[in-house]
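Report on the structure given below.
The values are calculated or read from the model by the stated rules, or taken from the named source; none is laboratory data. None of the values given here were measured: they were computed from a predicted structure. Positions of Cβ are backbone-derived with ideal geometry, glycine not excepted, and every protein chain shown enters the neighbour counts.
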Amino acid sequence: MRFSSHYKMEGDDIIDYVFEHSNFFDANENLVYEEIGDGNINYVYRIFEKGTKKSLILKQADVQTRVRPDGYLNPDRSAREAGVLKLYNECAPDFSPKVIYADPVMAAIIMEDIGSYSNLRKELMAGKIFYGLEKLIAGFIVDTSLPSTDLGLGYQKKCQAAFKFYNPDLCKITQDLVFTHPYKGVRGRNIFLPENADWLKKKFYEDSKLIAKVAALKEKFNNYPQGLIHGDLHSGSIFVKIENEKTKIKIIDPEFAFYGPIAYDLGNVLAHFIFAEGYAKYSFIFDDENKKASFLLWIENAKKDLLKFFSIFAKEFLIKNIKDPMYKNEIFIDDYIEKIKIDAVSFCGTELNRRIIGSAKTPEITGIKQIENRILLERELAEAGCAMILNPEEILRGIKA
Ligand code: ADP
Ligand code: MG
């Protein structure tokens, strides 16, 4: 029977599959599709009615990854991603596309089209300001992660959930790309701007104190099932729009989600604010200096406020929801939140570093065409990244000030 065992859908399959597995379109509607996926791993299609443009999204995971046909990844990741999106639909419904149908056999998810929202990375690279963005992201992290912790869910239920979201294959990718390759240059995978190669190699490969700190972060990433985290919360996983002068966001692509340190998500967001800041400083996107100054001032405040709002919302949540009498202690709660923020600074450092020296770059760096500016930006980010890893408490005090 059609669609009863996994294969990569093509052409009419895509339209027929969505038609058969949702009640969204009528039989007489004229459906077409386009591939809209720009990621490295999966296939994403928009299926829409030609006239009205009414649409749905289909995301399918294949056994081979989209950009590297030699890269095998188990398609069961799709079921995990659907499970996480469904959870988001419950605890942060306004912040996630609605799952309409999830199919573990075809490794496919039919979901709401969030086409009225734009990719946050692209918007920030165009110099757009989104007031309230950091508050929404901090709220999303608190609403989706803290309820899943020991403190929010209780230990036994948490263990069951951690097992359900166990994600060793995708976590291994993060371990390699974020916590190993940038410091060990394994199999020549790192990519250098030639003008910075020697400087970066010395900084990343030869500092055993730095490497020891990164090793400890890797160990924490692997062995601290604190709560359900997104695992890949960069600005390309965040979609944004302004409606009635209010910023709104949607979060997509939680296929790297697993039970890990909440600080990892928070640090990732912080790092990608810093990339946006760096791009604004060193590219030529602004036609006037006032606009540039306004953007830089906004993003500077957004970095601080991300952590500030995380603390406020986390404390509110914990005071209200903790049931365990041992955890119901304000000194413990403050300390729990402070530790997340310190680790977020460290994980921000590993994210900054890996995008400079690692194989997976970010367009805020590679998009700088003026070579002298790129050299400067890479060095500035690497200095910041290493300082964050070596002295997170001190840097956090600086961010708060
Ligand atoms: P991958 O897992 O391959 O990285 P993503 O989930 O990041 O795939 O999706 C790739 C792109 O497809 C996104 O950057 C976005 O442009 C588009 N996309 C994904 N989900 C939706 C959706 N629900 N609505 C609209 N566009 C989407
Ligand atoms: Mg993606």
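Given the condition loosely packed, with under 15 Cβ neighbours inside 10 Å, among the small types (Gly, Ala, Ser) and without any contact (Cβ under 8 Å) to a residue 40 or more places away in the chain, answer yes or no: does some residue in region 227-247 qualify?
The answer is no; no qualifying residue exists.
All but one of (1) part of a strand (DSSP E or B); (2) out of contact with any Leu (no Cβ under 9 Å at 6 or more places or on another chain); (3) under 15 Å from Tyr101 (Cβ atoms) hold for Val32; which doesn't?
(3)
Residues being part of a strand (DSSP E or B) and away from ligand 2 (no atom under 16 Å from the Cβ): count how many of those fall in region 109-125.
Total satisfying the criteria: 2.
State all residues of region 98-110 that are in contact with a helix residue (DSSP H, G or I) (Cβ under 7 Å, 6 or more places away or on another chain) and within 15 Å of ligand 1 (Cβ to nearest atom); if no residue qualifies, say none.
Those that are in contact with a helix residue (DSSP H, G or I) (Cβ under 7 Å, 6 or more places away or on another chain) and within 15 Å of ligand 1 (Cβ to nearest atom): Lys98, Val99, Ala102, Ala107, Ala108, Ile109, Ile110.
Step by step: first the residues of region 2-47, then only those that are among the small types (Gly, Ala, Ser) and out of contact with any helix residue (DSSP H, G or I) (no Cβ under 9 Å at 6 or more places or on another chain), then the one that is farthest from ligand 2 (Cβ to nearest atom). Which residue is that?
Restricting to residues being among the small types (Gly, Ala, Ser) and out of contact with any helix residue (DSSP H, G or I) (no Cβ under 9 Å at 6 or more places or on another chain), the top hit is Ser4.
Could you run through region 48-67 and say how many residues are at pLDDT 95 or above, more than 14 Å from Ser78 (Cβ to Cβ) and either part of a loop (DSSP other than H, G, I, E, B) or within 16 Å of ligand 2 (Cβ to nearest atom) (or both)?
So the answer is 1.
Quick check on Ala257: is it in contact with a Phe, Trp or Tyr (Cβ under 7 Å, 6 or more places away or on another chain), of a type outside the set (Asp, Glu), within 16 Å of ligand 1 (Cβ to nearest atom) and modelled with pLDDT of 95 or more? Step through it out loud before you land on a result.
On the way: in contact with a Phe, Trp or Tyr (Cβ under 7 Å, 6 or more places away or on another chain): yes; of a type outside the set (Asp, Glu): yes; within 16 Å of ligand 1 (Cβ to nearest atom): yes; modelled with pLDDT of 95 or more: yes.
Yes; evaluated as a whole, the condition is true for this residue.
Look through region 35-74, keep the residues that are closer than 17 Å to Pro97 by Cα and more than 21 Å from the chain's Cα centre (by Cα), and return whichever of them is farthest from ligand 1 (Cβ to nearest atom).
Lys54
Kindly establish whether Val186 is among the β-branched types (Val, Ile, Thr) and either out of contact with any Lys or Arg (no Cβ under 8 Å at 6 or more places or on another chain) or surrounded by fewer than 19 Cβ atoms within 10 Å (Cβ to Cβ) (or both).
yes
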